[in-house]
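Got a structure for you, questions after.
The values are calculated or read from the model by the stated rules, or taken from the named source; none is laboratory data. Since the model is a prediction, treat every value here as computed from it, not as a measurement. Virtual Cβ from ideal backbone geometry, glycine too; neighbours counted across all protein chains shown.
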Amino acid sequence: MRPHATFIVLFCLLTSLAKGQYYHFETITEQHGLSDNRVTCFLKDRTGFMWIGTANGLNRYDGFQFRIYRPGNKQFNISHEHINDIEQDKSGRLWIATWNGLNVLDVEKDSLYIFSSDDKANRQKNDKLSSALIWDIYADVQSRIWIAPDSRDLCYYDLVTRAFIYFPWRTFVQKTLPTRPTSAYTAIQKISPKSADELWLGTTAGLFSFNTRKYTFEYHGGDDPADFVSIRTSADQKKVFFGQEKLYVFHTDSSALHEVAPRSITPFTLNHHEIFIIPTLKGLWILDPETEQAAPLLVDDVNPFSIHHENVTDVYQQGGITWIGTSRGIRIHDQHTNLFPFTPVFTDASTSLSGNCYHILDSEKDGKYYISSYTLNKLIVIDKKNGSIQEITSLDGKPLLKCAYTFEDSQQRLWVLTSRNIFISDTTHQHFKAFPYPEREDNYLFNEMIEDELGNFWFASMRYGVFHFDSETEVWKLFTEREDGFFASRPTSLLSDPKHHTVWIGDYGFGIFQYDLKQNKFKYTGTDMSDPYSLHSSLVNDLTLDKNGDVWIATTSGGVSKYSYNARTGKNFATYSIENGLPESTIQSIEVDVHGNLWLVSFKGLTCINPNGKIIHHYDKTSGLPFSNLSTAITRNSKGELMTGAGNGFIKFHPDSLVHHSDTFPVVITLAQISDSVITSLKESVFPYQQNELMIEFAALTFTLPNQVKYFYKLDGFDNDWIDAGNKHTAHYINLSDGHYTFQVRAIDQTGKPSSNIASIEFTITPPFWKQWWFLTIVIGIAAYAMYSGIISLQRTFTAQKILNQFATSLYNKNTVKDVFWTVALNCVDLLKFEDCVVYLMIPEAQILVQKAAAGPKSHEPFRIMNPIEIPVGKGIVGTVAKTGKSEIIPDTSRDRRYIIDDQSRLSELTVPIVVEGKVFGIIDSEHSQKNFYNRWHLQMVEEIAAICSAKISRYFVEEQIRSKVARDLHDDMGSTLSSIKIMSNIALEKRETEASQGYLKSIRQNAALMQESMSDIVWAINPENDSLEKVIIRMKEFTAEILEPLDIHYEFIEDGDFATARLDLHVRKDFYLIFKEAINNTAKYSGCRRLIVHLTRFTQGIRLRISDDGTGFDISKISSGNGLKNMRYRAESIHAVLQIESVPHEGTSIILRIPLT
């Protein structure tokens, strides 16, 4: 057992006892996360974690949370839940003694090893632990772990040889204590270092020692049989104190052992040096190791300043913090936060009320506290020199009912105010008498008094108002509203302001009154919540005067207000409340300190503000103040110390003493996870890119106000600067990209001290495969290849376009199929560098292919083929392509049975069909003497050439058809018309009568006009400048005007859509116009209409023409088809249009024509 782990060395306790002060203890129990309230042992490891053993689990505590080790906990497992002791060896491993096995825990490596026992373990062999139950362990500097196994001999485990070495302690006990019953329980329960070569052994048979160099035991005495609870050695190593049933001390110089008898010690008998607190089976003792004076500490189950020390199992102190293990949890005292020492006044905890210590007067004259107890009807007098307490319940034979106030006047007389009486003492404060005043039957409820600059006294009565006593005339006066203009009914506070010759009165209901001592009149100040320069509450609790001469007013619900005489009129008040940062707006009491700062008492604690209202510090339970709900007056003594009642006593402090101190502390990362994987510092942490969510937990290992530690963290590789996390001790990142990261965290405690280190942890998120170097290399290679291929392709495209342009140019003025074929054959050899090219013509009727052009070996003379051949469709490679219409590349003709030898055998062949109007018209065929000569580029080029050839041939056929049609039209129209003219001319010549001749001549003129019109229409239709629909519409409008205007028929053209971009083929344009012309002529001749509408609509796939008139109409079912209607239908069918006629007798006729656009 560590020497400092059983006792506490508390220098502060000496001061505490001497001054009659208690210090605050915090409690940690299962409610805070502790595994069990039955605490057994403590250890603070080298990192700074607190390890706490309990009867149900081992706890690692970082100030925020517990990590619990227990059997069955998969991640944090140990052999048994009951922990007896914890020790750390020089390698940092933890040795844990339990009721079932010895555990070795390496937290850093996250490993656990368990030494267990078996049925043969009592033989105490080197390879086995002799007992499963281990009471205590101690690690020395020589790599030996000393072990106290239950009912077995002393042993140690050698970390080098990995063997258990046993020493026959039980045999020594039998020889040394022969009369000791053999059935008596015999076990070593405590091990503590005595010197470099000696150990103290606390056993159930008393105190022993063991020489680790000579391997010898020595017995020193003690209770037998009895459990051994604690052991502690004095600083000079000459005394050892230990607790069993009794408290013993053993002197190493004289080898004398005696019991430390309890003495009736008082605080002032103790010297100023270290003291021990030692647990025994009978309770907790306080001990002076030098004088050996000791006394048991009494148990106070309710007092928060009591240790509750029954069943204390361990006491551990380090770094100014005391940890006391009990059966009801942990009690912690931190001397760093013991800023407000508490002085108990009443021991009866059941009467812990806020008015127990209502007002405190610290008299410099006699060195005593005078405390008025409003709730207990007492005056408490405490002598600061000897700590004696006197409770006074009556003075001058009168009870101290509701003792509310004590006051020391300028003559050093002491005044005591109660609900019914006023008492005054002599200047020695030894003798009190009732002070005469105009008594009434009921209570006055006196609660405060002052002495003004004239030496007169003012008394506040919560029932009647304010009384004034003139010291010279000894006349009492009660201020009234009728006589004095004073209407306060519940005055709570009085204040004398000699500088301004004013007495201030605060009332709980009406606000503030000022009495001018020179003018003898009152001035009233009310409240106005809407005015920032006014008092905000009329419920006044207290008044005080600061160093600047400003008056401060504490109120209920209105915060605290400052009245400045020097402020501009109307702006004298400034109010500070919860809106300005105060913890609350109800201030119970206020006092100014030696520095001119103001101290505010509220239910939230103590708040210090400067004269400008700025908060300097707020104190509550989280910052060293052991109480909240403060509600009594705060007072100041001549030394500048401030006092206020709290619970069954009071706290007293000087503002200069409120300085937080702290020890050096580290910050640690307690948990680091990427998704569900833990990051450790023991190995390189590398995670795949899918795991990109980071969760970090960290803690500053300072147990002094850990909730006020501020953390700053940064993730290098993600954050540009430190993140201020406040008191939050977690960090969370999501969607982290790939890369190497370093997480760092540092901390600053409540004093501003930084952590001794910056904790960090590194990890790497691997990039996805598409970001890996090998993948990028492949991508770059592919991109380079693609770029190269693109350049080559671009070059080929440029070359191909150039060749195709040359092909297209060469076909200019080639107006026959023969010319086209010869040009293609020659260019394939010249431009594509083919060895051979033959062009076949398809003869559909015979289903054969005839060679019509050739270049290369097949043509030695221009435009002449040597030995032309014919190939049936479907035979050979050329015949197959003609049949299927699909191009083919034959890389090796020797492997293709379809190959037909022409002029000579060649090894590769390329065959492409020429398709005209959806049918195979011809074949372009090329052969080469090299295998695999032709590639896809050759194929694409020849297919493009075939397409150019096809287009040229198609245009040739269209032109031929147009020529034929024009010839036919000229033959039909003009031939018949000319025949008519010839016949009628002959008849006119034969007729001699002038009138008859004139008729024939008129017919000749009409036919000539018709022939001229037909000729004009044919010429217009052939003209390519009229291809656009826009030009067609113009001609339609011209014709309509020519026909309808002479007949006085009103007409209108309506155009919906874009007609400027629409173009019509020659034959479509001609037939469309002639259908329109026929419809207009019929309307003019037969409809008898007065109005005609031509509506043209452009839609996505065509054009719709609607011609509507308001003429006589007709019955479509009864009309016979004339030549005009037949011609219209014939022309519509020839251009794949739909013609529709709608007519109703007496309502008009509509002709609708829908023409598709391709």
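With the structure loaded, tell me whether F712 is surrounded by 14 or more Cβ atoms within 10 Å (Cβ to Cβ), assigned to a strand (DSSP E or B) and of a type in the set (F, W, Y) or whether it fails that test. Give the derivation first.
On the way: surrounded by 14 or more Cβ atoms within 10 Å (Cβ to Cβ): yes; assigned to a strand (DSSP E or B): yes; of a type in the set (F, W, Y): yes.
When the stated conditions are applied, F712 passes them.
Next up: Tell me, yes or no, whether the stretch 562-579 has at least one residue that is at pLDDT 95 or above and among the acidic types (D, E).
Checked against the condition, which is being at pLDDT 95 or above and among the acidic types (D, E), the stretch 562-579 yields no hits at all.
Would you check which residues across the stretch 1118-1140 are more than 15 Å from N1081 (Cα to Cα) and either modelled with pLDDT of 85 or more or assigned to a helix (DSSP H, G or I) (or both) and list them? Full working, then the answer.
Here is the first cut: in the stretch 1118-1140, the ones more than 15 Å from N1081 (Cα to Cα) are 1118-1121, 1129-1140.
Those that are more than 15 Å from N1081 (Cα to Cα) and either modelled with pLDDT of 85 or more or assigned to a helix (DSSP H, G or I) (or both): R1129, Y1130, R1131, A1132, E1133, S1134, I1135, H1136, A1137, V1138, L1139, Q1140.
Listed here are the residues, each with its yes/no results for (1) of a type outside the set (G, A, S); (2) assigned by TED's automatic domain parsing to the domain that holds S685; (3) touching a residue at least 12 places away in the same chain (Cβ under 8 Å).
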site: N707; (1), (2), (3): yes, yes, yes
site: H732; (1), (2), (3): yes, yes, yes
site: H740; (1), (2), (3): yes, yes, yes
site: T751; (1), (2), (3): yes, yes, yes
site: S756; (1), (2), (3): no, yes, yes
site: T777; (1), (2), (3): yes, no, no
site: G781; (1), (2), (3): no, no, no
site: A786; (1), (2), (3): no, no, no
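Same structure again: With (1) under 22 Å from E943 (Cα atoms); (2) out of contact with any helix residue (DSSP H, G or I) (no Cβ under 7 Å at 6 or more places or on another chain); (3) polar (S, T, N, Q) as the list, and S887 as the residue in question, which single condition is left unmet?
Of (1) under 22 Å from E943 (Cα atoms); (2) out of contact with any helix residue (DSSP H, G or I) (no Cβ under 7 Å at 6 or more places or on another chain); (3) polar (S, T, N, Q), only one is false for S887: (2).
If you take the residues of the stretch 866-889 that are free of Cβ contacts under 8 Å to residues at least 40 places away in the same chain and in a strand (DSSP E or B), which of them is surrounded by the most Cβ atoms within 10 Å (Cβ to Cβ)?
If we take residues in the stretch 866-889 being free of Cβ contacts under 8 Å to residues at least 40 places away in the same chain and in a strand (DSSP E or B), then I871 is surrounded by the most Cβ atoms within 10 Å (Cβ to Cβ).
Determine whether the stretch 87-95 contains at least one residue that is at positive phi and either of a type in the set (D, E) or touching a helix residue (DSSP H, G or I) at 6+ places or on another chain (Cβ under 7 Å) (or both). Please lay out each step first, then the result.
Initial filter on the stretch 87-95 (at positive phi): 92.
Next cut, either of a type in the set (D, E) or touching a helix residue (DSSP H, G or I) at 6+ places or on another chain (Cβ under 7 Å) (or both) only: none.
No, there is no match, as no residue in the stretch 87-95 is at positive phi and either of a type in the set (D, E) or touching a helix residue (DSSP H, G or I) at 6+ places or on another chain (Cβ under 7 Å) (or both).
Got at least one residue in the stretch 617-635 being assigned to a loop (DSSP other than H, G, I, E, B), among the β-branched types (V, I, T) and on the phi < 0 side of the Ramachandran plot? Steps first, answer last, please.
Initial filter on the stretch 617-635 (assigned to a loop (DSSP other than H, G, I, E, B)): 620, 624-633.
Still in the list and also among the β-branched types (V, I, T): 632.
Restricting the remaining residues to those that are on the phi < 0 side of the Ramachandran plot gives 632.
The answer is yes, given that some residue of the stretch 617-635 is assigned to a loop (DSSP other than H, G, I, E, B), among the β-branched types (V, I, T) and on the phi < 0 side of the Ramachandran plot.
Go through the residues of the stretch 761-768 one by one and say whether even a single one is crowded, with 16+ Cβ neighbours inside 10 Å and within 17 Å of F665 (Cβ to Cβ).
No: zero hits.
Let's see how each residue does on (1) closer than 27 Å to D85 by Cα; (2) buried (at least 18 other Cβ atoms within 10 Å of the Cβ); (3) at pLDDT below 95:
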| residue | (1), (2), (3) |
| --- | --- |
| I191 | yes, yes, no |
| T204 | yes, yes, no |
| Q237 | yes, no, yes |
| G243 | yes, yes, yes |
| R263 | no, no, yes |
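N122 fails exactly one of the following numbered conditions: (1) under 45 Å from the mean Cα position of the chain (by Cα); (2) at pLDDT below 85; (3) polar (S, T, N, Q). What is the number of that condition?
In the conditions (1) under 45 Å from the mean Cα position of the chain (by Cα); (2) at pLDDT below 85; (3) polar (S, T, N, Q), N122 misses (1) alone.
Go through the stretch 611-650 and report how many residues are within 24 Å of T575 (Cβ to Cβ) and aromatic (F, W, Y).
Qualifying residue count, the stretch 611-650: 1.
Let me ask something additional. Where residues in the stretch 890-926 are free of Cβ contacts under 8 Å to residues at least 12 places away in the same chain and either within 16 Å of I948 (Cα to Cα) or not in a loop (DSSP other than H, G, I, E, B) (or both), which of them is farthest from the chain's Cα centre (by Cα)? Step through it out loud before you land on a result.
Keep residues of the stretch 890-926 that are free of Cβ contacts under 8 Å to residues at least 12 places away in the same chain, which gives 895, 897, 901, 918.
Next cut, either within 16 Å of I948 (Cα to Cα) or not in a loop (DSSP other than H, G, I, E, B) (or both) only: 895, 918.
Numbers: R895: 71, G918: 68 Å.
Result: R895.
Matching residues to (1) touching a Lys or Arg at 6+ places or on another chain (Cβ under 8 Å); (2) more than 21 Å from S410 (Cβ to Cβ):
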residue	(1), (2)
E451	no, no
N456	no, no
H468	yes, no
S471	no, no
L478	no, yes
E483	no, yes
F486	no, yes
T492	no, yes
L495	no, no
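What tally of residues in the stretch 149-169 results from selecting those that are out of contact with any Leu (no Cβ under 9 Å at 6 or more places or on another chain) and either outside any loop (DSSP other than H, G, I, E, B) or outside the structural domain of P225 (by TED's automatic domain parsing) (or both)?
Qualifying residue count, the stretch 149-169: 4.
Looking at the stretch 124-141, can you tell me whether even one residue there is in a loop (DSSP other than H, G, I, E, B) and closer than 23 Å to S681 by Cβ?
From the stretch 124-141, those in a loop (DSSP other than H, G, I, E, B) are 124-133, 140-141; that's our starting set.
Still in the list and also closer than 23 Å to S681 by Cβ: none.
No; the residues of the stretch 124-141 include none that is in a loop (DSSP other than H, G, I, E, B) and closer than 23 Å to S681 by Cβ.
Determine whether the stretch 815-834 contains at least one residue that is closer than 22 Å to I914 by Cα, in contact (Cβ under 8 Å) with a residue 40 or more places away in the chain and surrounded by fewer than 17 Cβ atoms within 10 Å (Cβ to Cβ).
Taking every residue of the stretch 815-834 in turn, at least one turns out to be closer than 22 Å to I914 by Cα, in contact (Cβ under 8 Å) with a residue 40 or more places away in the chain and surrounded by fewer than 17 Cβ atoms within 10 Å (Cβ to Cβ).
If the requirement is being acidic (D, E) and surrounded by 20 or more Cβ atoms within 10 Å (Cβ to Cβ), which of these qualifies: D383, D396, D362? Let's see the steps before the verdict.
Details: D383 fails: surrounded by 20 or more Cβ atoms within 10 Å (Cβ to Cβ); D396 fails: surrounded by 20 or more Cβ atoms within 10 Å (Cβ to Cβ).
When all the criteria are applied, what remains is D362.
If I ask for residues that are in contact (Cβ under 8 Å) with a residue 12 or more places away in the chain and either of a type in the set (S, T, Y) or touching a helix residue (DSSP H, G or I) at 6+ places or on another chain (Cβ under 8 Å) (or both), which ones from the stretch 172-189 would you list?
Here is the first cut: in the stretch 172-189, the residues in contact (Cβ under 8 Å) with a residue 12 or more places away in the chain are 172-173, 176-177, 180, 184-189.
Matches in the stretch 172-189: T176, R180, Y185, T186, I188.
If I filter the stretch 669-685 for residues that are of a type in the set (A, V, I, L, M), within 20 Å of F340 (Cβ to Cβ) and surrounded by fewer than 22 Cβ atoms within 10 Å (Cβ to Cβ), do I get at least one hit?
Start the filter on the stretch 669-685 by keeping residues that are of a type in the set (A, V, I, L, M), which leaves 669, 671-672, 674, 678-679, 682.
Applying the additional criterion that residues be within 20 Å of F340 (Cβ to Cβ) yields none.
Checking the stretch 669-685: not a single residue is of a type in the set (A, V, I, L, M), within 20 Å of F340 (Cβ to Cβ) and surrounded by fewer than 22 Cβ atoms within 10 Å (Cβ to Cβ).
Within the stretch 842-855, can you find the residues that are part of a strand (DSSP E or B) and farther than 14 Å from T880 by Cα?
The first filter runs over the stretch 842-855 and keeps only residues part of a strand (DSSP E or B), leaving 842-843, 848-855.
Scanning the stretch 842-855 gives I843, V850, Q851, K852, A853, A854, A855.
Now for a different question. Given (1) over 60 Å from the mean Cα position of the chain (by Cα); (2) surrounded by fewer than 19 Cβ atoms within 10 Å (Cβ to Cβ), identify the lone condition not met by D158.
Every condition holds for D158 apart from (1).
Sticking with this structure for a sec: Which residues, taken from the stretch 556-567, are out of contact with any His (no Cβ under 7 Å at 6 or more places or on another chain) and crowded, with 18+ Cβ neighbours inside 10 Å?
Taking the stretch 556-567 as the starting set, the residues that turn out to be out of contact with any His (no Cβ under 7 Å at 6 or more places or on another chain) are 556-557, 560, 562-564, 566-567.
Within the stretch 556-567, V560, K562, Y563 meet the criteria.
Also: Show the residue pairs that are 6+ apart or on different chains and have beta-carbon atoms under 6 Å apart, the first residue being within the stretch 469-493 and more than 22 Å from V551 (Cα to Cα) and among the polar types (S, T, N, Q), the second being at pLDDT 95 or above and buried (at least 18 other Cβ atoms within 10 Å of the Cβ).
Within 6 Å, the pairs are S471/N456.
To continue, here is another question. Can you name the condition, by its number, that G570 falls short on among (1) surrounded by 13 or more Cβ atoms within 10 Å (Cβ to Cβ); (2) not in a strand (DSSP E or B)?
The number of the failed condition is (1).
I want to confirm something. Restricting to the stretch 868-896 and keeping residues that are polar (S, T, N, Q) and touching a strand residue (DSSP E or B) at 6+ places or on another chain (Cβ under 9 Å), which single residue is nearest to I924 (Cα to Cα)? Outline the logic, then answer.
Residues of the stretch 868-896 that are polar (S, T, N, Q), as a first pass: 880, 884, 887, 893-894.
Add one more test, that the residue is touching a strand residue (DSSP E or B) at 6+ places or on another chain (Cβ under 9 Å), and what stays is 880, 884, 887, 893.
Working: T880: 13, T884: 14, S887: 10, T893: 17 Å.
Checked the stretch 868-896; the qualifying residue nearest to I924 (Cα to Cα) is S887.
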